[in-house]
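Student: I have a structure here, written as structure tokens, and I will follow up with some questions on it.
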Amino acid sequence: MKKVFVSGSFNVLHAGHLQFFREARALGDSLVVSFPPADLLWSVYGKKSVLEDVDKMELLSSLEMVDEVVLSTDANAELSFLTAFRRVKPTVLAVTTDDLYMDAKRRLCEQDGVEFVVLE
């Protein structure tokens, strides 16, 4: 089974996120979406969460192309999803062309033997 993993704040879910999820899901058999809880979003990224964590979890989980939603729990801006990523053991990590932490994510994939895919 080919698992695809994506991460982001998804603070205001919009059509671009949905397209990203569709394209990422097409890369494998399942899609795991990770986001930082509100306290981590604030302490690490300086962003206030628009939704309560439980609401964001429910919203993301309800999307037909999303198979699992997990929390990013590491206080590291580049790899806040690291613990979840290593627990899930994905086959693919998908990012977008404007990902601020692309280099760190690419290095992680090289270290862990995970395919790294950049989507528009």
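The values are calculated or read from the model by the stated rules, or taken from the named source; none is laboratory data. Quick caveat, the model's predicted, so the values are computed rather than measured. Using ideal geometry, Cβ is built from the backbone for each residue, glycine included, and neighbour counts are taken over all protein chains shown. Side chains are part of the model used for accessible areas, which takes the heavy atoms of the whole protein and leaves out ligands, DNA and RNA. Shrake-Rupley method; radii C 1.70, N 1.55, O 1.52, S 1.80 Å.
Student: When the residues of the stretch 68-120 are narrowed to those that are small (Gly, Ala, Ser) and open to solvent by 60 Å² or more (accessible area, probe 1.4 Å), which ends up farthest from Val44 (Cα to Cα)? Before the answer, list the steps.
Tutor: Taking the stretch 68-120 and keeping what is small (Gly, Ala, Ser), we get 72, 75, 77, 80, 84, 94, 104, 113.
Still in the running and open to solvent by 60 Å² or more (accessible area, probe 1.4 Å): 75, 113.
On the way: Ala75: 6, Gly113: 27 Å.
In this case the residue turns out to be Gly113.
Student: Does Phe20 count as within 18 Å of Glu58 (Cα to Cα) and touching a residue at least 24 places away in the same chain (Cβ under 8 Å)?
Tutor: Details: within 18 Å of Glu58 (Cα to Cα): no; touching a residue at least 24 places away in the same chain (Cβ under 8 Å): yes.
So Phe20 does not fit the description; no.
Student: Go through the stretch 45-67 residue by residue and tally those that are open to solvent by 40 Å² or more (accessible area, probe 1.4 Å) and touching a residue at least 24 places away in the same chain (Cβ under 8 Å).
Tutor: So the answer is 6.
Student: What is the number of the single condition among (1) farther than 14 Å from Phe5 by Cα; (2) assigned to a helix (DSSP H, G or I) that Glu64 does not meet?
Tutor: Here Glu64 meets the rest and fails (2).
Student: Moving on to the next point. Which ones in the stretch 15-44 are closer than 16 Å to Asp55 by Cβ and in a loop (DSSP other than H, G, I, E, B)?
Tutor: Those that are closer than 16 Å to Asp55 by Cβ and in a loop (DSSP other than H, G, I, E, B): Pro36, Pro37.
Student: Any residue at all in the stretch 20-27 that's farther than 19 Å from Val114 by Cα, among the acidic types (Asp, Glu) and under 14 Å from the mean Cα position of the chain (by Cα)?
Tutor: No.
Student: Residue by residue through the stretch 1-12, note down the ones that are open to solvent by 50 Å² or more (accessible area, probe 1.4 Å), in a loop (DSSP other than H, G, I, E, B) and either of a type in the set (Lys, Arg) or within 18 Å of Leu63 (Cβ to Cβ) (or both).
Tutor: Taking the stretch 1-12 and keeping what is open to solvent by 50 Å² or more (accessible area, probe 1.4 Å), we get 1-3, 12.
From what is left, the residues that are in a loop (DSSP other than H, G, I, E, B) are 1-2, 12.
Across the stretch 1-12, the qualifying residues are Lys2, Val12.
Student: What tally of residues in the stretch 31-44 results from selecting those that are open to solvent by 20 Å² or more (accessible area, probe 1.4 Å) and among the β-branched types (Val, Ile, Thr)? Write out each step before concluding.
Tutor: First pass over the stretch 31-44, keeping only residues open to solvent by 20 Å² or more (accessible area, probe 1.4 Å): 38-39, 42-44.
In the following step, the residues that additionally are among the β-branched types (Val, Ile, Thr) were identified as 44.
Counting residues in the stretch 31-44 that are open to solvent by 20 Å² or more (accessible area, probe 1.4 Å) and among the β-branched types (Val, Ile, Thr) gives 1.
Student: Looking at (1) on the phi > 0 side of the Ramachandran plot; (2) in contact with a Ser or Thr (Cβ under 8 Å, 6 or more places away or on another chain), which one does Val6 not meet, given that it meets all the others?
Tutor: (1)
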